[in-house]
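Working notes, beginning with the structure itself.
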Amino acid sequence: MSGTVILTLTGIITAGILLCLLRLLKGPTAPDRAAAMDTACTVTTALLVLLALFFERSVYLDVALVYALLTFMGLVAIARYLERGI
Amino acid sequence: MIIIVSLLVLAMLTAAVAALIYRDLLSAVIASCLVSLLASILFFFLQAPDVAMAEASIGAALVTAIFVIAIRRTKRYEE
Amino acid sequence: MRATVGLILLAVIGVGVGISLLAIPFGAPKTEIGDYYIENAREDTGATNVVTSVVVGYRAFDTLGEVTVLFVAALGLGAVLATAGGKRGRSGVEPASLILSAGNIFLFPLILLFGAYIFTHGHLTPGGGFQGGAVIASAFLLVYLSSPGKRINESGASLTESVSGLVFVAIGLLGLTHGTHYFLANFLPKGALNTLFSAGIIPVIYCAIGLKVGSELAGVVDNLMEETE
Amino acid sequence: MSFLHDYVYYIGAFGLVAIGLLIILVKRNLIKLIIGLSILDTGVNMFLISVGYIRRGTAPIFSRPGLEPDGMVDPVPQALVLTAIVIGVAILALALALAVRFYKTYGTLDLRKAKELRW
């Protein structure tokens, strides 16, 4: 039962990642693509937590922590480039 | 589960092709960052959390920032 | 022309690699050496994470070589970007917004602490010196992105790097004088499994690697950021 | 479906290697070339990790009692790739520094134009 629920949620989150990819392919300007990348990073954190539940290993949660703490930095770098900050 | 993995692999390859065709180097860097992100999820599926952590901490933050700094020092558009 | 030649070359390489890939079964039982490591790593090194015990236990000498490669790459980058009499410091850049500079104040110590957690718990959970070093370098990268005027203390970074490299080599040499007499022998007590103070020299070496990789990557970012007109 | 079950990771790794090689062979812009190099790097790493996988395996971490050594994936490729990723980023930074120097010397990132500039 619980496995089925987790699988369904994983499928929904994968659909979210695919939608972000669509925005990345379609987005006419670079800021659109950067926003798509950042959303994909955030959604990925949720996916990793779900997968840690699915595999039943609590040590995997550290990877999700790294994602949550670090992945915004790439977007910050791109944003600072676009406002000529670096 | 295998369908989800196949979709993620497809998305990763699509992002890599996007990095190939964009003339705007900034967009190509964003696409390659997405490649590294999806590769990290696949490492997680392959039961390699150490490698997924290394790929996440390096591919998502450091590599993008280094590329952006280099683009700032040179030129943004490929002619 | 160039695209055609490239596509033909790619097709040749692709067919060759594809044929050789089909011969490797996916998901088959692993190699004998991997089995040996998984069976014996807990008794031999005291680490619960087998990947860690391979990286800094069984193959610690290789890791010393890899750290040296990293050091040479960082040194080469400094040499390539260095210009005689180039002015230091950046000018004419937009200051960061309030959100970024205020967020940096809160996030910088948090990220440093998290990096330290990753490399001190390398023998218990996923992670280790290389990942922790990358996290620490990311913290310094955030400082560079949020406050354009600031720079890292370069002599402090190079001192940290040298000292941690020396600690790695010194622990290896100490192993020569104890017990089994080989380089990087695990001479400290192994302790109880799954506790923080266990696994002998592995956490010490991973702390050294974490500080070394962190200061090196921060130095790389510093060198790239530096305006060399 | 069984084909996907057997080869989907190999297809991903091989596709990344092929696209990276294509970027290196076809493009002339130096930074684009380095992007191709990083994609190729990721593909090779993914191939090594997928070779070490076993079906229904789990990560080689004895974090709680009750984990059997039989159902664990191979730790050796993981240990290899772990260091390869970190060295990869240092090499990438070195290549980008060379590209920046190239731009400062020739005023362009195009390899072909730089050949014409040379006398």
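The values are calculated or read from the model by the stated rules, or taken from the named source; none is laboratory data. Keep in mind that what you see is a predicted model, and the values were worked out from it rather than measured. When we count neighbours, we look across all protein chains shown, and the Cβ atoms used for this are built from the backbone with ideal geometry, even at glycine. To get the accessible areas, we keep the full protein, side chains included, count just its heavy atoms, and leave off ligands, DNA and RNA. Shrake-Rupley method; radii C 1.70, N 1.55, O 1.52, S 1.80 Å.
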Check: So how much accessible area does residue A:17 have, in Å² to the nearest 10, using a 1.4 Å probe?
Finding: 10
Next item on the list: Starting at the first residue of the stretch D:24-33, write each ³J(HN,Hα) from the Karplus equation 6.51 cos²θ - 1.76 cosθ + 1.60 with θ = phi - 60°, in whole Hz, x for Gly and Pro.
Entry: 5, 7, 9, 7, 10, 6, 5, 5, 4, 4
Checklist line | Coarse-grained scattering of the protein assembly as shown at q = 0.10, 0.12, 0.14 Å⁻¹, given as base-10 log I(q)/I(0) from a Debye sum over alpha-carbon atoms | finding: -0.77, -1.12, -1.50
Checklist line | In degrees, nearest ten, helix B:63-73 long axis to first principal axis of chain B (Cα) | finding: 10
Margin query: Order B:50, D:41 by their accessible area, 1.4 angstrom probe, all chains in place, largest first.
Written below: D:41, B:50
Next item on the list: Provide the net charge surrounding residue B:2, with neighbours chosen by a C-beta distance below 14 Å and charges set as Lys +1, Arg +1, Asp -1, Glu -1.
Entry: +1
Margin query: Of the candidates D:16, D:92, D:40, which one comes out as most mobile in a Gaussian network treatment of chain D with C-alpha springs shorter than 10 Å?
Written below: D:92
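Take every Cα-Cα pair in the stretch B:2-73 and report what % of them are more than 19 Å apart.
That tail contains 38 percent of the Cα-Cα pairs.
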Next item on the list: List the extent of the Cα atoms of chain D along each of their three principal axes, largest first, rounded to whole Å.
Entry: 69, 33, 16
Item checked: Accessible-area value, residue D:47, 1.4 Å probe, nucleic acids and ligands omitted, Å² -> 60
Checklist line | Relative contact order (%) - chain A, alpha-carbon pairs under 8 angstrom, separation at least six | finding: 28
Check: Mean 1/r over all different Cα pairs, inverted: what Kirkwood radius does chain A give, in Å?
Finding: 14.1
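Quickly estimate the mean residue ellipticity at 222 nm for chain B, helices only: each DSSP H run with n ≥ 4 gives -39500 (n - 2.57), and the total goes over all residues, rounded to 500.
So the helix-based figure for chain B works out to -24500 deg cm²/dmol.
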Check: Which net charge results when you count Lys and Arg as +1 and Asp and Glu as -1 among the other residues whose beta-carbon is under 14 Å from that of residue D:40?
Finding: +1
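Within 10 Å of each Cβ in C:5-16, how many Cβ atoms from other chains are there, averaged over the peptide?
3
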Next item on the list: Given the peptides C:187-194, C:119-126, C:37-44, arrange them by the average over their residues of other C-beta atoms within 10 Å, most packed first.
Entry: C:119-126, C:37-44, C:187-194
Notebook entry, point to check: With axes computed from alpha carbons, what is the tilt in degrees of helix B:2-21 against the longest principal axis of chain B, rounded to the nearest 10 within 0 to 90?
Noted result: 10
Next item on the list: Pick out the long, greasy-scoring helices in chain A: whole DSSP H runs spanning 20 Å or more along their own axis by Cα, mean Kyte-Doolittle at least 1.6.
Entry: A:2-26
Next item on the list: Grab the Cα-Cα distance for residue A:42 and residue A:18, subtract it from 0.36 nm times how many residues apart they are, and report the gain in nm with one decimal.
Entry: 7.3 nm
Checklist line | B/C buried area, accessible surface, summed, 1.4 Å probe, Å² | finding: 1300
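How large is the helix-only mean residue ellipticity at 222 nm for chain D, computed as the sum of -39500 (n - 2.57) over DSSP H runs with n ≥ 4, divided by its residue count, in deg cm²/dmol to the nearest 500?
So the calculated ellipticity at 222 nm is -25000 deg cm²/dmol.
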Margin query: Report, in listed order, any pair from C:150/D:104; C:212/D:104; A:26/D:27 with a Cα-Cα distance greater than 29 Å.
Written below: C:212/D:104
Item checked: Size-normalised alpha-carbon gyration radius of chain C, reference 2.2 N^0.38 Å -> 1.28
Next item on the list: Rank these by accessible area, largest first, 1.4 Å probe: B:51, A:43.
Entry: A:43, B:51
Notebook entry, point to check: Given the protein chains as shown and a 1.4 Å probe, how many square angstrom of residue D:53 are accessible, to the nearest 10?
Noted result: 30
Next item on the list: Report, in order of residue number, the helices in chain C meeting two criteria: a C-alpha extent of 24 Å or more along the helix axis, and a mean Kyte-Doolittle hydropathy of at least 1.0; treat each whole DSSP H run as one helix.
Entry: C:2-22, C:60-81, C:98-120, C:129-146, C:154-177, C:202-225
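Need the full-extension length gain, residue A:32 to residue A:61, defined as separation in residues times 0.36 nm minus the C-alpha distance. One decimal, nm. Write out the running numbers ahead of the final one.
Values: separation 29, 0.36 × 29 = 10.44 nm, distance 2.98 nm.
Extending this stretch completely gives an extra 7.5 nm.
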Next item on the list: Per residue of C:54-62, count partner chain C-beta atoms within 10 Å of its C-beta, then hand back the mean as an integer.
Entry: 3
